[in-house]
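All remarks here apply to the structure that follows.
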Amino acid sequence: MTLTVRVITPDKTVWDQDAQEVILPSGSGQLGILTDHAPLLTNLDIGVLRVRTEKDWKSIAVMGGFAEVENNEVKVLVNGAELGESIDKETAKADLETAQNELQSANASGDRLAQIKANSNYKKARARLQATNK
């Protein structure tokens, strides 16, 4: 038996396929989902969602949201998502470096709003780079 996995953003469906296993970046840590998992509703952090189809793992960078698991269906509703294979690794590395510099500057300034924004941008850039690695 398999899981039906859907990753949906406000403007498109990023993933809609069957899978054997899903690893979600939940707010409390990595959460593994297999066939016949108990019903679950959880928040998702910015991070990498991993999906196993047959023997291959696919990575999807997700930008926070929610996941619902019920009757071997995993519905993932997120603010944004990108397939790892569609992300240019060199661009992602450069984006992460820029985000790190912005976070350091924001922390040095003591501006709390700038720190929150820079931290969010850093997490997004890190997730995008991590999704490029299989």
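Only the coordinates and a few stated rules stand behind these numbers; no lab work does. Not measured: the values here are computed from a predicted model. Here Cβ is always computed from backbone atoms with ideal geometry, including for glycine, and neighbour counts include all displayed protein chains.
Points worth noting:
- Cα gyration tensor shape of the chain, rounded if a/c is under 1.5, else prolate or oblate by comparing a/b with b/c: prolate
- Gain in span if fully extended, Ser120 to Asp36, counting 0.36 nm per residue against the direct Cα distance: 26.9 nm
- The Cα-based radius of gyration of the stretch 87-132, divided by its Kirkwood radius, gives an Rg/Rh of 1.04.
- Förster-model FRET efficiency, 25 Å R0, Gln17 and Lys89, C-beta, rounded to 0.05: 0.60
- Angle between the chain longest axis and helix 112-132 axis [Cα atoms, degrees, rounded to 10]: 50 degrees
- Computed over the stretch 87-132: relative contact order in percent, which uses C-alpha pairs under 8 Å that are six or more apart: 58 percent
- Three principal axis extents describe the C-alpha atoms of the stretch 19-58; from largest down they are 27, 23, 10 Å.
- Under 13 Å, Cβ to Cβ, from Asn119 - net charge with Lys/Arg +1 and Asp/Glu -1: +2
- Count of lysine pairs in the chain with Cα separation under 15 Å (8 or more residues apart, or interchain): 7
- Charge tally around Glu68: other residues with Cβ under 14 Å, Lys/Arg +1 each, Asp/Glu -1 each, net 0.
- Degrees, to the nearest 10: 89-109 long Cα axis against longest axis of the chain: 50 degrees
- Length-normalised contact order of the stretch 3-84 in % [C-alpha pairs under 8 Å, at least 6 apart]: 33 percent
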